[in-house]
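Trainee: One structure follows; several queries about it will come next.
Read the figures in this text as sums done on the coordinates, not as results from a lab. All values derive from a computational prediction rather than experimental measurement. With ideal geometry, Cβ positions are generated from the backbone for all residues, glycine too; neighbour counts draw on all protein chains shown.
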Amino acid sequence: MGIKGIIFDLDNTLINSSKTIDNANKSVLNKIQEDFEKMDLETFNSILKRVYKKYDNFDHIKRYKRLFYEIFAEESGLDINKDKIDIYSEIFESHLINRMEFTEGVEEVLDRIKKMDLKIGILTGEGLYPGIKQKTLDKFDYNGKFDVKIIARSTIPESKHNPEAFKKAAEMLKLKIDEIIFVGDTPDIDIDNAKEAGMKTVLFDRYNEEKEKTSKHKPDFVIENMQDIYKVLNALN
């Protein structure tokens, strides 16, 4: 048997983080509308775009929990005081951690892979700010099915933009690099760097949107639902 382990990306692979974030933003909007009746969805989304642009300019290690809504307060021009910033931050984080949208079929797939005696790992990026991804992983456990759970630039010093992060993940899983499949949703990060590290790669393209995005390497396989990982394993073994 050539493949002995699978490492998954987390966001938009094992969990539908885009939908979770959208719903978290809606929860915050509901509270803002209680505080400021003139806030509507169109205005809120327009402000969010400006806030994300400014927020992304901050180095990850310099971000903190309240930063996003401090910027939101500036961009909105509303009288959002410190207490409201704390409340909005708590609403967002609580939704993000406690109401995650899981990718359909994930629990069944992890159960079956474990029964096949394969090792399972997670290699994920840093998250919106330090600490949030660890809280997410603590919540996302599935009864201890993961042999390793790695947060780039936290558990290991390397970023996922560096193939060394994938090599470190293989070492922590105690497998050779060519014995591992990496499953992720981002061609220029997950696929390119996993390929350069020496792993077989699977692009999880749930909505058939990622295939044509620019990347240096083509994935070995493309799947649109999580259960198709079995076809990949059959092809490689």
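Trainee: Using the alpha carbons of the chain, what is the convex hull volume per residue in cubic angstrom, as a whole number?
Mentor: About 123 Å³ per residue, rounded to a whole number.
Trainee: Taking H as built 1.01 Å from N, whose amide H comes closer than 5 Å to the amide H of Lys119, not counting residues under 5 places away?
Mentor: Here the answer is Gly5, Ile6, since their amide H atoms fall under 5 Å of that of Lys119.
Trainee: Using the Karplus equation 6.51 cos²θ - 1.76 cosθ + 1.60 (θ = phi - 60°), what ³J(HN,Hα) coupling, rounded to whole Hz, does each residue of the range 18-32 give in order, writing x for Gly and Pro?
Mentor: 4, 5, 4, 5, 4, 5, 5, 4, 5, 5, 5, 4, 4, 6, 4
Trainee: Cut-off is 10 Å between beta-carbons; in what order do Thr43, Thr155, Thr214, Thr124 appear when sorted fewest neighbours first?
Mentor: So the ranking, lowest neighbour count to highest, is Thr214, Thr43, Thr155, Thr124.
Trainee: Let me ask you something else. What residues qualify as long-range amide H neighbours of Val222, i.e. H under 5 Å apart, gap of 5 or more or another chain, H built at 1.01 Å from N?
Mentor: Sorted by chain and number, the residues that satisfy this are Leu203.
Trainee: Which net charge results when you count Lys and Arg as +1 and Asp and Glu as -1 among the other residues whose beta-carbon is under 14 Å from that of Val51?
Mentor: Residues close to Val51 contribute a combined charge of +2.
Trainee: From the phi angles alone, apply the Karplus equation (6.51, -1.76, 1.60; θ = phi - 60°) to the range 3-16 and give each ³J(HN,Hα) in whole Hz, x where the residue is Gly or Pro.
Mentor: Here the 3J(HN,Hα) series is 8, 10, x, 10, 10, 9, 5, 9, 5, 6, 10, 7, 10, 8 Hz.
Trainee: Taking Lys84 as the anchor, which aspartates and glutamates have their alpha carbon closer than 18 Å to its alpha carbon, excluding any fewer than eight residues away along the same chain?
Mentor: Once the sequence-local aspartates and glutamates are set aside, what remains near Lys84 is Glu34, Asp35, Glu37, Asp40, Glu70, Glu74, Glu75, Glu93.
Trainee: Please list, in order along the range 98-114, the HN-Hα scalar couplings obtained from phi with the Karplus expression 6.51 cos²θ - 1.76 cosθ + 1.60 (θ = phi - 60°), rounded to whole Hz, x for Gly and Pro.
Mentor: Whole-Hz 3J(HN,Hα) from phi for the range 98-114: 9, 10, 5, 9, 7, 5, 4, x, 4, 4, 4, 4, 5, 4, 5, 5, 4.
Trainee: Among the listed pairs Lys65/Lys115; Lys149/Lys216; Lys82/Lys135; Lys31/Lys133; Lys31/Lys145; Lys26/Lys114, give every one whose C-alpha distance is greater than 29 Å.
Mentor: Violating the 29 Å Cα-Cα cut-off are Lys65/Lys115; Lys31/Lys145; Lys26/Lys114.
Trainee: Provide the percentage of antiparallel DSSP beta bridges, counting only those with both residues in the chain; round to the nearest 5.
Mentor: Among the beta bridges of the chain, antiparallel pairing accounts for roughly 5 percent.
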